[in-house]
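The values are calculated or read from the model by the stated rules, or taken from the named source; none is laboratory data. Since the model is a prediction, treat every value here as computed from it, not as a measurement. Here the Cβ positions follow ideal geometry from the backbone for every residue, glycine too, while neighbour counts run over all protein chains shown. The protein model used for the area step is the full one, side chains on, heavy atoms only, and it has no ligands, DNA or RNA in it. Shrake-Rupley method; radii C 1.70, N 1.55, O 1.52, S 1.80 Å.
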Amino acid sequence: LSENGRFAVINLFAETDVPGEYYIDRENLVLYVYPTEDFENSSVMLALSDKNSIDMSGVSYVTLSGLSVTATRANGMSVSGDHITVDGCRISGIRTNGINANGTDITISNNEIFDIGCTAVSITGGDTNKLSPSGNRVYNNEIHDWSNLTHSQEYGIYIAGGCGTVVSHNEMYDGPHQAVGWDGANHIMEYNKVYNVCTETSDCGAFYSGRRLDRYGNIIRYNYIRDVGSEYGQAVGIYYDDGLGGQTAYGNVIANTSWYGILACGRDNTIENNLIINCKDRPLSVTARTRSLPNKFYEHAIELAEDVAEMQKNPEWLEAFPGYGDIIPLVEGYDGDYDDPLLSSNPGNNVVRNNMYYLTYQMNSKDSEFSYQVLNMGIIENNLRFNDFDHLQIPGVESGDYTLSEDAEAYKNGFEKIPFEEIGRI
């Protein structure tokens, strides 16, 4: 263990010393419970099933509505097929995932999903290569207290691949790691309210994806992200990790993170019109981390180039993302210009503009929000930084309303209104 590091003790009889804790004597098949104050009116449930509570494969035009699903050591629901709806259900007390869904035209809406061991909702569908949209939607759910068993790399909502899934108007809170993660292309994550996440880990983000150049076209817009991270580690509001490219973050409100507001480490990303407040480190940073000089990321840069070379074979991909065909994949023995903006490992064609952020500190001269290569290979302009909170002109900030005044100076400088009142569950 590291000095002052945290640890957990699991199923130790001597440590069963707080109301609500329990110990399982597996040898003698005895359950010991430290009772809570209302124990006499409570029920104790021991889940022995290792099967998915609901398991449907290859079905179509099925609606699951108003169900209560609980107490299994597998998944709450595992569904695959087309035109499936899960609406108004209560899913809790699940050891693995709350819902696993795979198919097209799947809607997961108006559910409460909580007390989940791993990921609350995992969904995939559509074709990344052909950019055929899934029509899948995760909408208006309340999701909290996931990742209770596996405390990292599990999500409130995980888009596990495919194309064209929409995640909108969900409320996600109280998770030890990341809230939204994604693979695949052309997904939209919008109008979600996310808070009190990434509370136990470092180098993570409320919205997170990374290490690929075949996940283009994903849009994160009009989300309210607050209270991300803790004293234990560094966490980001929106995190494009280690070379992730082709993403757009627009119109998000990010407040109170333990590291950056937005951190991007790739190419072809657009970061516009975001409001970022009270981040412990820099509010916004775009780096050249995967540059292949070569450095310690050289092997990873080669892997990124393999993504590019593969997707450049797809006419649908080249039509959808102009300029993708011009990227130069880095290969072993490359003898060209390492400063060419088109080289796959360089942070070329990033657009960062019209963002507004408030700092509670004066940045050191040695610090920079953007690496030298990012500044010279993309468009970085009109990002407004305030050290005086009053100049932000947010009259309702004390009550958690981050709507700018109608006459805010920012609107005269290119910043566009964020529909804050529309964010969250409906």
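Values computed for the structure shown
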| read-out | value |
| --- | --- |
| Residues located in segment 216-227, provided they are open to solvent by less than 40 Å² (accessible area, probe 1.4 Å) and either aromatic (Phe, Trp, Tyr) or modelled with pLDDT under 95 (or both) | Tyr216, Tyr224 |
| Verdict on Ser285 being surrounded by fewer than 24 Cβ atoms within 10 Å (Cβ to Cβ), modelled with pLDDT under 95 and touching an Asp or Glu at 6+ places or on another chain (Cβ under 6 Å) | yes |
| Per-region count, segment 390-419, residues part of a loop (DSSP other than H, G, I, E, B), open to solvent by 90 Å² or more (accessible area, probe 1.4 Å) and under 15 Å from Ile277 (Cα atoms) | 1 |
| Qualifying residue in segment 159-167 (condition: over 20 Å from Asp281 (Cα atoms), surrounded by fewer than 19 Cβ atoms within 10 Å (Cβ to Cβ) and over 14 Å from the mean Cα position of the chain (by Cα)) | no |
| Qualifying positions in segment 259-314 - acidic (Asp, Glu) and touching a strand residue (DSSP E or B) at 6+ places or on another chain (Cβ under 6 Å) | Glu272 |
| Qualifying residue in segment 376-389 (condition: more than 15 Å from Glu272 (Cα to Cα), open to solvent by 30 Å² or more (accessible area, probe 1.4 Å), part of a strand (DSSP E or B) and in contact with a helix residue (DSSP H, G or I) (Cβ under 7 Å, 6 or more places away or on another chain)) | yes |
| Scope segment 186-198; condition open to solvent by 20 Å² or more (accessible area, probe 1.4 Å) and either over 14 Å from the mean Cα position of the chain (by Cα) or aliphatic (A, V, I, L, M) (or both); matching residues | Asn186, Ile188 |
| Matching entry among Ala264, Ala235, Ala255 (being among the small types (Gly, Ala, Ser), open to solvent by less than 20 Å² (accessible area, probe 1.4 Å) and free of Cβ contacts under 8 Å to residues at least 60 places away in the same chain) | Ala235 |
| Yes/no for Thr150 being of a type outside the set (D, E, K, R), in contact with a Pro (Cβ under 7 Å, 6 or more places away or on another chain) and surrounded by fewer than 24 Cβ atoms within 10 Å (Cβ to Cβ) | no |
| Residue in segment 263-272 that is more than 20 Å from Asp183 (Cα to Cα) and either in contact with a helix residue (DSSP H, G or I) (Cβ under 9 Å, 6 or more places away or on another chain) or at pLDDT 95 or above (or both) present | yes |
| When residues of segment 307-352 are limited to those that are without any contact (Cβ under 8 Å) to a residue 60 or more places away in the chain and part of a strand (DSSP E or B), the one farthest from Lys130 (Cα to Cα) | Leu343 |
| Hits in segment 79-117 (condition: farther than 20 Å from Gly161 by Cβ, open to solvent by less than 30 Å² (accessible area, probe 1.4 Å) and part of a strand (DSSP E or B)) | Ile91, Ser92, Gly93, Ile94, Ser109, Ile113, Ile116 |
